Structures are given as structure tokens and as C-alpha cells.
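Asker: Let me give you the structure first, and then I'll get to my questions.
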Amino acid sequence: MAAVPTAAATVTETDAPVVVFDGVCRLCSRWVRFLLAHDREGRLRFAAMQGVTGRALLQRHGLDPDDPTSFLWIDDGRGYRNSEAILRLVAGFGGVWRLVALLRLIPRPLRDAGYRLIARNRYRWFGRSSQCLVPDAATAQRFLD
């Protein structure tokens, strides 16, 4: 895989799983906090779609960084989108979280329609911040930009 340039370091998509999130969306920021709390091994890395790395990763996986209604999770160089990304990511925490994978029994078009409904209305329903999520000192090294 080709390297993705970042302000902090050069990272390849196979270094660690990467979550590309909307850094100004309050729901998305809460989602990142949830992931940080449950990723006990500290494997996940995060890139705001407003940053250099996030934009590059979205483009590399066929998503428009200027119309970010898709969620992107990259694991072992493979990009997963929308409901599939969320279910794989959460089920990967193991334990009781594996039960989330049962939601994959719901046909993907229905799951993704629900995802898109939330994604299109996320600012109206949950709010928007004037700046991207700022990580604390303990987790700053997990953010790529």
C-alpha cells in the first residue's frame, strides 16, 4: 500500500485500523469517544475527514470528502463503509459486542438506508462544533492529523 502523508507522520493503511470520522459532527465525536473507551488494546487510529489524511483516505476509497455522508473504517488496507463498517468495528471488540454482528442478518440496503437517514440529519439532530474534536494528551498519538 502507498503511504498516506500526514502532518504528524507517514502512515500506511496496513499499520493499524483507521476510522475516518466527521470531526465537527457532535454525534461523530461521541462515536470516537465510545471507540476510544472500548478499544482497550489501543489499536484504532483516527483521522478527521477535514484533515489531510482523512481527505486522502476518503478519496482513495471512492468517497467524496466534500460530501461526507459515509462512514469509513479501514482494516488491513480494506475499506468498509456505512453500516457494514460500524457492525464490523463494534463486533471486533469481542465479548458481548460480537452480538452486534447479528444485525448483519438485516439486508444491507435496509441497514444502509437507516445509516444514511442519520448521516443526512446528524447536524440538525445532534449539532455541529465550530472546530474538530481535540483529543486529550492520553489519546493524541492515535489521531493522524
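The values are calculated or read from the model by the stated rules, or taken from the named source; none is laboratory data. The model shown is predicted, which means the values in this text are computed figures rather than measured ones. We place every Cβ from the backbone using ideal geometry, glycine too, and count neighbours over all the protein chains shown.
Asker: From the list 67, 112, 76, pick out the single residue that is of a type in the set (D, E, K, R) and within 17 Å of residue 16 (Cα to Cα).
Answerer: 76
Asker: Do you know which residues across segment 65-80 are free of Cβ contacts under 8 Å to residues at least 12 places away in the same chain and assigned to a loop (DSSP other than H, G, I, E, B)?
Answerer: Residues satisfying the conditions are 66, 67.
Asker: Which ones in segment 58-110 are charged (D, E, K, R), closer than 22 Å to residue 34 by Cα and over 17 Å from the mean Cα position of the chain (by Cα)?
Answerer: 98, 104
Asker: Counting just the residues of segment 88-145 that are more than 20 Å from residue 75 (Cα to Cα) and β-branched (Val, Ile, Thr), which one comes out surrounded by the fewest Cβ atoms within 10 Å (Cβ to Cβ)?
Answerer: That would be 96.
Asker: Pairs under 6 Å by beta carbon, first residue at pLDDT 90 or above in segment 115-132, partner part of a helix (DSSP H, G or I), six or more apart or different chains?
Answerer: Final answer for the pair search is 115/82; 115/83; 122/27; 126/26; 126/27; 127/26.
Asker: A further question on this structure: If you check 130, 83, which single one turns out to be part of a helix (DSSP H, G or I), hydroxyl-bearing (Ser, Thr, Tyr) and at negative phi? Spell out the reasoning first.
Answerer: On the way: 130 fails: part of a helix (DSSP H, G or I).
One residue alone meets the criteria, 83.
Asker: Restricting to segment 49-64, what's the tally of residues that are touching an Asp or Glu at 6+ places or on another chain (Cβ under 6 Å) and either among the charged types (D, E, K, R) or outside any helix (DSSP H, G or I) (or both)?
Answerer: Number satisfying all stated conditions: 2.
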